[in-house]
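The structure appears right after this line, and notes come after that.
The values are calculated or read from the model by the stated rules, or taken from the named source; none is laboratory data. Quick caveat, the model's predicted, so the values are computed rather than measured. Here the Cβ positions follow ideal geometry from the backbone for every residue, glycine too, while neighbour counts run over all protein chains shown. Just so you know, the surface numbers come from the protein's heavy atoms only, side chains and all, with ligands and any DNA or RNA stripped out. Shrake-Rupley method; radii C 1.70, N 1.55, O 1.52, S 1.80 Å.
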Amino acid sequence: MFNSKISGLGMYVPENVVTNHDLSKIMDTSNEWIVERTGIKERRHIKKGDGNSTMMMGVKAAKIAIERAGISKKDIDLILFSTLSPDYYFPGSGVLVQDKLEIPTCPAMDIRNQCSGFIYAVATADQFIKSGMYKNILVIGSENHSGGLDFSTRGRAVTVIFGDGAGAAVISREENKKKGILSSHLHSEGKFAKELSLIGPSTNRWVPEIIDANNPEDTSYYPFMNGQLVFKNAVVRFSEVILEGLNHNGLDPKDIDLLIPHQANLRISQFVQKRFGLSDNQVLNNIQKYGNTTAGSIPIALTEAWEQGKIKSGNVIVLAAFGSGFTWGSTIIKW
Ligand code: UT7
């Protein structure tokens, strides 16, 4: 049995910055409302013609992560791509990454767990490495939200929150059993599936049906979110799953060097911070700059934390996420 560790990190966000003021020019919203309710000041949106897509942003983040891991792309044994906004309905974006990176052949899998996607992907990578099957796994979280949001006032409660971007991590074999990814804790509760969802187009609502209905009131092809219900569940599940991970490893909240929560809403992160009595230095928030980038949010935040020297050898790093499904999970790492 081996352990696994994060050996390289990278991120990419599009250059195009969209501020709250920009949004308030095209829908009935305000900088004050968005900052007060979510903490977000700006986000990045892909611009038509800038060459970005979910896969392309993932590739840009991945190239940095692979270089920092000190390996060659030929050493990648498996690609795990987490997203809710894949380039195509099928095939998944993982195979597109394999092609773009010019890796002759390797297994590639898409993980469809929305905001918890990166946590699920890291848990999957961890198991493949602990079993001895693979040595280096490329894990990507990437989202292109901006192409599919409702930019009229009707969609404002959802649209102001989400941003585009990607993060990537190389997960590699670690011989020291006391270091690396200590454990992962995963959950889902499908009875809430529709409370944060995009249900059409789908196999329940094919494109011709939507076109034939020709109904301007039809919003089934935009994301739907029951914001307050999601918020209430998020604060409970974040707290539970962080505690579950700490308890499993005989750790206490005060042992956390850095908590990196999925960047859903600054108020959710602040609630969790208060619940565990953590200082500002123990919790990473960058939602102010990027909004909620769903599967991209944790690897982007993790990369920034690492680049800023906030992660040191021996640190206890806790990752936690909650989102559509509902799904949620945590990862406990000894860096
Ligand atoms: O990452 C996946 C997980 N997602 C989350 O964790 C999101 C969790 N939920 C939330 O973050 C919050 O529920 C939101 C930020 C989405 C919404 O905040 P809220 O405090 O729950 O607002 P609300 O939906 O209850 O709406 C309050 C008011 C409404 O107006 P009335 O009915 O009180 O007149 C909305 O129409 O705010 C209005 N509103 C807005 N006003 C200005 C909703 N969106 C906007 C907006 N700008 N963008």
Look at ASP28 and say whether it is within 16 Å of the ligand (Cβ to nearest atom), more than 24 Å from SER269 (Cβ to Cβ) and not assigned by TED's automatic domain parsing to the domain that holds ASN286. yes
Can you confirm whether segment 108-117 contains a residue that is open to solvent by 10 Å² or more (accessible area, probe 1.4 Å), away from the ligand (no atom under 16 Å from the Cβ), at pLDDT 95 or above and acidic (Asp, Glu)? yes
Only one residue in ILE79, ILE34, ILE71 is touching a residue at least 40 places away in the same chain (Cβ under 8 Å) and assigned to a helix (DSSP H, G or I), so which one is that? ILE34
Could you list, in sequence order, the residues of segment 266-293 that are at positive phi and either in contact (Cβ under 8 Å) with a residue 60 or more places away in the chain or surrounded by 17 or more Cβ atoms within 10 Å (Cβ to Cβ) (or both)? GLY291
Would you confirm, using the coordinates I've provided, whether ILE256 is of a type in the set (A, V, I, L, M) and within 22 Å of THR83 (Cα to Cα)? no
Looking at ILE210, is it of a type in the set (A, V, I, L, M), surrounded by 13 or more Cβ atoms within 10 Å (Cβ to Cβ) and in a loop (DSSP other than H, G, I, E, B)? no
Could you grab the pairs with beta carbons closer than 7 Å, sequence gap of 6+ or different chains, first residue in segment 215-232 and within 13 Å of ILE268 (Cα to Cα) and of a type outside the set (Val, Ile, Thr), second one within 10 Å of the ligand (Cβ to nearest atom) and part of a strand (DSSP E or B)? none
Are any residues in segment 48-74 over 19 Å from the mean Cα position of the chain (by Cα) and within 18 Å of ASP126 (Cβ to Cβ), and if so, which ones? ALA69, ILE71
Would it be correct to say that ARG154 is open to solvent by 10 Å² or more (accessible area, probe 1.4 Å) and part of a strand (DSSP E or B)? no
So ILE140 ticks every box in (1) under 14 Å from the mean Cα position of the chain (by Cα); (2) under 16 Å from LYS63 (Cα atoms); (3) open to solvent by 50 Å² or more (accessible area, probe 1.4 Å) but one. Which box is left unticked? (3)
If you go through ASP252, ASP218, the only one that is among the acidic types (Asp, Glu) and in contact with a Leu (Cβ under 7 Å, 6 or more places away or on another chain) is ASP252
From the option list ILE79, ILE34, ILE40, single residue qualifying as within 16 Å of the ligand (Cβ to nearest atom), open to solvent by less than 10 Å² (accessible area, probe 1.4 Å) and under 19 Å from the mean Cα position of the chain (by Cα) is ILE40
Given the conditions (1) away from the ligand (no atom under 16 Å from the Cβ); (2) open to solvent by 10 Å² or more (accessible area, probe 1.4 Å); (3) within 26 Å of ASN285 (Cβ to Cβ); (4) not in a helix (DSSP H, G or I), every one holds for LEU84 apart from (1)
